[in-house]
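J.: The structure under discussion is supplied below as structure tokens; questions concerning it will follow.
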Amino acid sequence: MKALLLGGAGFIGLHLARRLVTDGYEVTIVDDFSRGRQDADLDALRAQPGVRVVSADLTDPAAYAGLPAGWDQIYLLAAVVGVRNVEQDPARVVRVNTLAALHLLDWVAPGERVFFASTSEVYAGGVDAGVVGVPTAEDVPAMISDITAPRFAYAVSKLLGEAAFLHTARAKGFDAVVGRFHNVYGPRMGADHVIPEMSLRAKSGEDPFRVPGADQFRAFCHVDDAVEAMVRLMATPAAAGQIVHIGNDREETNIGDLAKLVLRVAGASPEIEASPAPAGSVHRRCPDLDRLRSLTGFEPSVTLEEGVRTTFAWYAQNGRPS
Ligand SMILES: NC(=O)c1ccc[n+]([C@@H]2O[C@H](COP(=O)([O-])OP(=O)(O)OC[C@H]3O[C@@H](n4cnc5c(N)ncnc54)[C@H](O)[C@@H]3O)[C@@H](O)[C@H]2O)c1
């Protein structure tokens, strides 16, 4: 069995690649290393039999033309992500995320099976406006509150991707599964996300310990659970043509309590300095996982404490990624 991981040197991609190799797949990773890293973790994976890493820019159709055909599974993970990127260069977000998806759709062959990585951001505008409930299911209206705001460039690019994958799959005769990730975290995810960022500050002994958005609620999903959900969806024929929420609905936490957990894991007890959330950040986010459960039998299995411990340990050992 052969799997193609587009954007596979990034956070979710590398964890997925490891899992697929364990399951006996030959894995090809394509990445332009704009964010994915050539590090010891990638080197260790590349040393395994059947793993190939290709450096290419997926906004160029030649990158696809240079790949062999005949994949059992294709995952599109490549995208410009992260609040900082989205705020600084929304035009790049729209261009890269859209072109990478459309070129893939021109290239994919009938009969193949493709996973498109989408996001909870596609409906976040509706949560902000109070018209979408939380926990949130897949069939709520997607909503872009302000098309001119940089923040929504990412959501718009992913919404277009969802529509493009679902319609083109029907038109060309391949299977498409759209997974909307909700706050996936874990080792080797960069330093911008709240759990690694808090881990690094706790490790460095910050005191007072800053906690922006302490009263916001999130449901964090460990990357091993996200990978399990993806693998199950790709093995489930009935998931084709569906949008499915991926996350962990079992341990919603507020950011203040998360900070206390990180500090406990770090063995630190500084004074806590809570402050308001950054503008535009949703107050509460939690997926409704009924569709994922009924399609695949998936149940999240990594507790928040366990996940924070392994993530903290990785950042304590590896430091801030360059
Ligand atoms: N991590 C989360 O919680 C989360 C939440 C919602 C959605 N997602 C989606 O899941 C996917 C994977 O996310 P991640 O957290 O692993 O992000 P990531 O940034 O770690 O991985 C994306 C990878 O794509 C690569 N890439 C970007 N542009 C490229 C291009 N033009 N050509 C080739 N490669 C390119 C990057 O170098 C990177 O390695 C993304 O599509 C993201 O939008 C993630």
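J.: Using Cα-Cα distances under 8 Å and only pairs 6 or more residues apart, what relative contact order does the stretch 22-71 have, in percent?
T.: Normalised by residue count, the contact order of the stretch 22-71 is 42 percent.
J.: Hey, what's the chain come to in accessible area per residue, 1.4 Å probe, Å²?
T.: About 42 Å² of surface per residue is accessible.
J.: To the nearest 10 square angstrom, what accessible area does S34 show with a 1.4 Å probe?
T.: Rounded to the nearest 10, the figure is 80 Å².
J.: Follow-up question, since we're still on this one. For the chain, what is the mean residue ellipticity at 222 nm derived from helices alone (per DSSP H run of n ≥ 4: -39500 (n - 2.57); sum divided by total residues; nearest 500 deg cm²/dmol)?
T.: -12500 deg cm²/dmol
J.: Which whole-number percent is the relative contact order of the chain (Cα, under 8 Å, 6+ apart)?
T.: 17 percent
J.: If I model a spin label at D23 and A316 as a point 7 Å from the Cα along the Cα→Cβ vector, what separation in nanometres do I get?
T.: Spacing of the two 7 Å Cα→Cβ label points: 3.2 nm.
J.: Excluding residues on the same chain fewer than 8 positions from K203, give the lysines whose Cα lies under 23 Å from its Cα.
T.: Cα-Cα hits under 23 Å: K260.
J.: Further question: Is the shape of the stretch 81-154 rounded, prolate or oblate, going by the alpha carbon gyration tensor and its root eigenvalues a ≥ b ≥ c, with a/c under 1.5 for rounded and a/b larger than b/c for prolate?
T.: oblate
J.: Follow-up. Given a 1.4 Å probe and the protein chains all in place, what does the accessible area of E273 round to, in Å² to the nearest 10?
T.: E273 exposes around 90 Å² with every protein chain in place.
J.: Heavy atoms only, probe 1.4 angstrom, no DNA, RNA or ligands counted: give me M1, M234, M143 ranked by accessible area, highest first.
T.: M1, M143, M234
J.: If you roll a 1.4 angstrom probe over the protein chains with everything in place, what fraction of the accessible area of the chain belongs to carbon and sulfur, to the nearest %?
T.: The computed percentage sits at 52.
J.: Go ahead and run the numbers for FRET between A274 and M1, Cβ-Cβ distance against an R0 of 51 Å, rounding to 0.05.
T.: Given R0 = 51 Å and the Cβ-Cβ separation, E is 0.55.
J.: With a Förster radius of 41 Å, plug the Cβ-Cβ distance of I147 and D257 into 1/(1 + (r/R0)^6) and report the FRET value to the nearest 0.05.
T.: 0.75
J.: Which FRET efficiency, nearest 0.05, do D39 and E138 yield, Cβ-Cβ r, R0 45 Å?
T.: 0.80
The values are calculated or read from the model by the stated rules, or taken from the named source; none is laboratory data. Owing to the predicted nature of the structure, the values given are computational and were not obtained by experimental measurement. Here Cβ is always computed from backbone atoms with ideal geometry, including for glycine, and neighbour counts include all displayed protein chains. Protein only, heavy atoms only, side chains kept; ligands, DNA and RNA dropped before computing areas. Shrake-Rupley method; radii C 1.70, N 1.55, O 1.52, S 1.80 Å.
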